[in-house]
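The structure appears below as structure tokens.
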Amino acid sequence: MVILGTIIVSALVIMTAIAPWIAPHDPAKTRVGPIREPPSPQFPMGTTHLGQDMLSRILYGGSIMLQVSALSVLVCFLIGVPLGLFSSYVGGVFDRACSLVIDAVYAFPGLVIAIAISAMLGRGVVNMALSIAVVYIPSYFRVVRSQVLSIKELTYVEAARGIGAKWYTILFRYVFPNVIPSIVVVTTINFADAVLTAAGLTFIGLGVEIHIPDWGRDLTSGWAYLSSGAWWIITFPGVMIILLALGFTLIGEGLSELLNPKLQR
Amino acid sequence: MGLRSYIITRILLTIPTLLLLLSMVFLIMRVLPGDPVALHFEKKATPEQMESMRRALGLDTPLWTQYIEYLGGLVDIGYILEHGYPNLGKSMQTFEEVGGQIFSAFPATLELAFYSMIIASVIGILLGVISSKSYNSILDHLIRGVGTVTYAVPIFFLGIVFQLIFGVYLRWLPTGLRINPAVDPPATITGLYTIDSLLQGNLFKFFESLKALLLPSLTLGIILSGIFIRMTRTNMLETLRLDFVTAAKARGLKESTVTYGYALRNAFLPILTMMGLQFAILLGGAILTETTFSWPGLGRYIVDRINFRDYTAIQGAVVVFGLFVTLVSLVVDILYAYLDPRIRL
Amino acid sequence: MPLLEIGSLTVDYPTSRGTIRAVEDVSFSLKKGETLGLAGESGSGKSTLGLSIIRLVPYPGVIVKGHIRIDETDIVKLREHEMRSIRGRKAAYIFQDPMTSLNPVKRIGAHFIELIRTHEPNTGKEEAFERTKTVVENLGILSERINDYPHQFSGGMRQRIMIGLAIALNPDLVIADEPTTALDVIVQAKILDLLESLRKVYGMALILISHDLSIILERCDKIIIMYAGHMLEYVTSIEMHRNPKHPYTQGLLQSIPNIELSDQKLVAIPGSPPDMLNPPKGCRFWPRCSYAKKICRVKEPPLIKVGRNHFVRCFLYGKKGVHVERNRKS
Amino acid sequence: MLSEIVKVEHLKKYFPVQKSFLEQLFTRELSYVKAVDDVAFSIRSGEIFTLAGESGCGKTTAGRVVVRLLEPTSGKIYFNGEDITKLRGEKLRLLRRKMQMIFQDPYASLNPRMKVVDAVGHPLEIHELVKGGEKKKMVLEVLEKVGLTPPEQFVNLYPHQLSGGQRQRVALARSIILKPEFMVADEPVSMIDVSLRSTIIDLMLSFRKELGLTYLFITHDLAVAKYISDKIAIMYLGKIVEMGHKEPLFRNPMHPYTQALLSAIPVPNPERERKRIELAGEVPSAIDIPTGCRFHPRCAYRTDKCSKEEPQLIEVGKGHFVACHLIK
């Protein structure tokens, strides 16, 4: 599963990266062909309602999603992991306060928060990434915290205290290395979630500007012309989003199965 | 500790959570954007117009006064008794009571959420159980595959594909609205069309509203079922390996007794908890589903208001979403306590 | 006619890293009312052997060879639903951890009633309830606690309940797999006493599986010593105490402390139990055996008779053994 | 004459019982699990002193309190005559060089992400006792001492590549690398295969000779206790009920609980008929300890006095103490 997921993700990343060299047309240029032309030899994936070449837009269109998800995962990681680590290791009032806030955010419909924040911040890659990050910080925090809390009680941590190790030695040499596997799993799953949330935000009009090639954006405009039956404007970007999210999910699920001893027979 | 005192404790514990939640919403909506009024007009209004808007909405007072008023409005019993909904302020766009608008949109969301949850639970638990029972077989891998792919599908994409197939090509089902526009909605009792029409004994309206409900709730339900399949499967696998399941088999009990009476009965408790947590995801999905199917619920409302930068309305809707989730998690926890004899002492 | 007769039983666990042969070529028989002890360290295959008698070897284990006859019926060949009517009714199993062996969401009484009515569908609810009451009282548990949930009982009490469930249908054979390992010594003694007295009353045969040789020697008529899936010695307990033959058995007896002796000198068996994915060729025990010869490394010794009711799997004994002995001298 | 290396007086360790939110609102009183409830003993240098008893009797908690892995609720702990009950910071870290602990579960007591060389050598680094290549040399030496030979084969392995017995040896190596004077061994053999137990026990005995180690040994297995110890204290519900040199204690147990406990232990001899002393009921909860003698509800010889007055440990023979009203 991990291997398949990695293949999918890296194929999509490479495709997006080399798009400028392999795309037959400028993805933003309108009227390169007729409007809403079904797939044909000249336009293998058809054209949009503005007469743009669908294939070129598909090749380019992953860029926004990848940027948004990478950025939001980075933000989540940089805030969620240290916060969870220290909160649970220090314990006490600080931990209680952190958990209370985080749990409240976690219980909230993620998309609602993302929408609210995104509506405040406006369009753009960074703003989208930030509003998605807020939603998923709690996942990191909670996973790290629950792991640290259980590892803290293990005998080898007690043994480390017994040989006179200082608290930071225990935290970084005994506790943290054993939390890493779970963090890796959360991160990959988080990539998939970020991709889907970004697509959702775009769908309700909080994404990037219309001319920028983006799978979410194209899917949305395809939906606007649904009654015309132009399936290609909907299907191709949709499938691309699924592939990207699926790739990350496969990596995450595969890893968690490898690392979760509970499910190993 | 008895069940009753557990329930009381749980309800009391909800209060600080709620307070925190409300404060957070206030913080995000009022403090983050700077000046909501300026954002609303997108700098297209004169300072005088903006000032009068501020005064009308009470945004000219200091922040903490606004905060107190905001919280006060929610618990103003007199207002609630008079209007039937709490005071959530006035819309920046229409100057109508936000509470009233939300109150009329909410049942649509409730109905969608209810049916989707049923669909997701039935599909999820059924396939999850089958998958865990046939561990490592082709069937198991197939079901897991379906679950994983479902998780990766953007919800509105599935909705659009359904619309394309059943609405545009086959023309079997409506692609939007809660009921055929040619049919009058049933008189409001609960606000859920299917239940209201049944209560009034009007089968025609019942089927009409069910027809409209079918695609949206299937969309949302199927997407959510992916997570439910995985949850059920994982928990069942863990439970099936526990000693008491082996011990039950060793006593020669029937296969079905062992699977359902032993494994699922116990695996269901953690599944229930996770279902409660998934409810937040379901509501997020509901926003997208409602948008896709022009379903006049709370999600649609919030998306509409975003286009007008109507911050008071967005704030109100976010608050109601939060209250809804809190209430559901309260119910789930109480249900859990009721089902688990280890809590029910 | 023996109650239980096992012949050349072999059980495999196919895993991704290779096949583990957990039990290999085990044969023995058990008469009505006898007690047999299965002793061995972790990984010796004793639990797998016990579970194969009710055909519940955990996934992915499979019985690949041999027969298990209970009352002349070979259960290896039975269909699953036929097997179900044997489990609990003819052969019952008691598990190691009483804390996790009962369904936490089911009342104690319901466990019994369900068991009785599954195997005797014609029993009415009232009758099943009355029978439950009698069984529970025989366990030394007040009958008003029938409606309590498992978590309301201590570990010792729960193991009593497990014993009650095992004997409720008066089976001919009870298999107790480390029934007291999770319990304290005083409770352990009580549980084993209860098991013994009930066994005598109902006339069942008992297979007691344990890593604790003291318990087995104290409680069983006959003993099988298991090591790495092989039966190394099969003997009466008195004979084992007086005259253990296999070097492994001798080693085990020398490594367990006896509270009644002072100035005891414990001698450990060198090395450690084998990796079951790559067990040693020949005799499974040779790498740890101080008597090991060339033949032990290449050839598996057969189980040979060395006395009345005394079998051992070792080249030191019997004709082959003598042969080896002579070779060494010459 | 041997000197006292460890001495504890009136040692208590109470754990507050976690209460629900509602209970906290309505009750002021906190209830406690009285894991260790007024225990005193002293261990002489070079001795093996055993705390024995059933699960929940407080033996493990007592051991952890003595090496300051748990804070005592009250009482005093002396190490080489110095009061260490309140030591903190750097002084406590220095103390840890002299007292070590090994644990029951060899699978849990090693960090799964540390190689043997790092796990065993870590105490040296923590106390800054080595430079550069010295660590590996010392680790090799100590691995050899615990019988992991040849040591070069083991240094670069991770714990999951070792068997239970080998892990316990690694744990032993880690605890002796600092050349401590005193060690608490908490059920060090109970999770190890029967055939290997005596090798671990023999190792511990050899360290006493070679390194002059003193042990506080904790076990539920009285047969093992009898084999290894010089002195034994039997605990019941947080208190020592009987204590003495092993010979007189096993030959002539005085406390009714000790008698019952000894009679319940299986003996590997099928020809020996033994008389079992039955005990009524089960060990009560350590939250609700019976009044007077805490054993009285289960005791066949109880009198009125037993439910009212708590018996003190009194000396009945040379170094043999019993806490029972029957003994005058």
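The values are calculated or read from the model by the stated rules, or taken from the named source; none is laboratory data. Keep in mind the model is a prediction, meaning the values are calculated, not measured. Note: ideal-geometry Cβ built from the backbone for every residue, glycine included; neighbour counts use all protein chains shown. Areas reflect the complete protein model, heavy atoms only, side chains present, ligands, DNA and RNA absent. Shrake-Rupley method; radii C 1.70, N 1.55, O 1.52, S 1.80 Å.
Observations on the structure shown:
- Dividing the radius of gyration of the alpha carbons in region C:1-100 by their Kirkwood radius gives 0.95 for Rg/Rh.
- Look at the dipole of chain B built from charges on Cβ: of B:L269, B:T109, B:P216, the Cα furthest out on the positive end belongs to B:L269.
- Cut-off 19 Å, label 7 Å out along Cα→Cβ of A:K29, residues of region A:46-69 by amide N: A:46-61
- Accessible surface for chain D, divided over its residues, is 44 Å² per residue with a 1.4 Å probe.
- For region B:18-98, a simple Cβ point-charge model (Lys and Arg +1, Asp and Glu -1, everything else neutral) yields a dipole of about 220 debye relative to the Cα centre.
- Calculated [222 nm] ellipticity per residue, helices only, for chain B: -23500 deg cm²/dmol; basis is -39500 (n - 2.57) per DSSP H run with n ≥ 4, divided by all residues, nearest 500.
- Kirkwood Rh, Cα atoms: Rg over Rh of region B:18-98: 0.99
- Both radii were evaluated on the Cα set of region D:50-133; the Rg over Rh quotient, with Rh as the Kirkwood radius, amounts to 1.02.
- Inter-part distance where region C:159-190 and region A:104-152 are each reduced to a Cα centre, Å: 52 Å
- Contour excess over end-to-end distance, with Cα ends at B:L272 and B:T190 and 0.36 nm allotted per residue: 26.9 nm
- Here's how it looks for C:A228: its modeled amide H is under 5 Å from those of C:S44, which are all 5 or more places away or on a different chain.
- Restricting the calculation to alpha carbons of chain C gives Rg and Dmax of 21.2, 78 angstrom.
- Close amide-amide hydrogen proximity is noted between D:V6 and D:I43, D:N80, each under 5 Å apart and 5 or more residues distant or on a separate chain (H modeled in the peptide plane; Pro and chain starts excluded).
- Volume per residue of the convex hull around the Cα atoms, evaluated for chain B, comes out as 187 Å³.
- Computed over chain C: relative contact order in percent, which uses C-alpha pairs under 8 Å that are six or more apart: 19 percent
- Percentage, to the nearest whole number, of Cα pairs in region D:252-306 over 12 Å apart: 71 percent
- Helix runs (DSSP H) in chain A reaching 27 Å along axis by Cα, Kyte-Doolittle at least 1.6: A:62-90, A:231-259
- Length-normalised contact order for chain B - Cα pairs under 8 Å, 6+ apart - percent: 26 percent
- Rounded Å value of the spacing that divides the Cα centres of region B:297-345 and region B:151-221: 22 Å
- For C:R21, the amide hydrogen comes within under 5 Å of the amide hydrogens of C:Y13, counting only partners 5 or more places away or on other chains and with H modelled in the peptide plane.
- Rh by Kirkwood over Cα pairs, then Stokes-Einstein D for chain D at 0.890 mPa s and 25 °C, µm²/s: 115 µm²/s
- Over region A:27-166, all Cα pairs binned in 5 Å intervals from 0 give whole-percent P(r) values of 2, 9, 12, 13, 11, 11, 10, 8, 7, 6, 4, 3, 2, 2, 1, 0, listed from short to long.
- For the protein assembly as shown, the equivalent ellipsoid built from the Cα gyration tensor has semi-axes of 63, 37, 33 Å, listed from largest to smallest.
- For peptides A:52-59, C:121-128, sequence by mean Cβ density within 10 Å, most packed first: A:52-59, C:121-128
- Treating each Cα of region A:61-264 as an identical point scatterer and summing with the Debye formula, the log10 of I(q)/I(0) at q = 0.11, 0.13 Å⁻¹ comes to -0.59, -0.77.
- Accessible area per residue, Å², region B:18-98 with all protein chains present, probe 1.4 Å: 58 Å²
- Mean partner shielding of peptide B:163-171, defined as the number of other chain Cβ atoms within 10 Å of each residue Cβ, is 3.
- Relative to the dominant Cα principal axis of chain B, helix B:98-133 is inclined by about 20°.
- Charge dipole of the protein assembly as shown about the Cα centre (unit charges at C-beta), most positive-ward option of A:P82, D:G212, A:S72: D:G212
- Our coupling estimate for region D:93-103, obtained by passing each phi through the Karplus curve with A = 6.51, B = -1.76, C = 1.60 and θ = phi - 60°, is 5, 5, 4, 4, 5, 9, 10, 10, 9, 10, 10 Hz, Gly and Pro reported as x.
- Rounded to the nearest 20, the size of the Cβ-charge dipole of region A:61-264 about its Cα centre is 540 debye, with Lys and Arg at +1 and Asp and Glu at -1.
- Converting phi to 3J(HN,Hα) with the Karplus coefficients 6.51, -1.76 and 1.60 and the offset θ = phi - 60°, region B:149-166 yields 5, 4, 4, 8, 8, x, 4, 6, 5, 4, x, 5, 4, 4, 4, 4, 6, 7 Hz in sequence order, with x at every glycine or proline.
- Dipole magnitude of chain B, debye to nearest 20 (Cβ charges: Lys/Arg +1, Asp/Glu -1, about Cα centre): 1300 debye
- Note on A:K152 and B:T257: with the Förster distance fixed at 35 Å, the Cβ-Cβ geometry gives a FRET efficiency of about 0.30.
- Counts of other chain beta carbons within 10 angstrom of each beta carbon in peptide C:130-140 average 0.
- Percentage, to the nearest whole number, of Cα pairs in region B:75-204 over 22 Å apart: 62 percent
- Couplings for region C:290-302, taken from phi via the Karplus curve 6.51 cos²θ - 1.76 cosθ + 1.60 with θ = phi - 60°, read 7, 9, 4, 10, 4, 5, 4, 7, 10, 10, 6, x, x Hz in order; Gly and Pro are left as x.
- Share of carbon and sulfur in the accessible heavy-atom surface of chain D [1.4 Å probe, %]: 51 percent
- Region D:152-245: relative contact order as a whole-number percent, Cα under 8 Å and 6+ apart: 23 percent
- Solvent-accessible surface of region C:59-125, averaged per residue with a 1.4 angstrom probe and all protein chains in place: 46 square angstrom.
- With respect to chain B, whose longest principal axis is taken over its alpha-carbon atoms, helix B:265-292 is tilted by about 40°.
- Summed buried accessible surface, chains B and A, 1.4 Å probe, nearest 100 Å²: 4500 Å²
- Taking chain B as a Gaussian network of alpha-carbon nodes connected by springs under 10 Å, the highest mean-square fluctuation of the residues B:L298, B:L170, B:L88 belongs to B:L170.
- Chain B: angle of helix B:203-240 to the longest principal axis, Cα-based, in degrees nearest 10: 60 degrees
- Working note: Debye formula, equal point scatterers on the alpha-carbon atoms of region B:199-304, no solvent; log10 I(q)/I(0) at q = 0.11, 0.15, 0.17 Å⁻¹ is -0.55, -0.78, -0.85.
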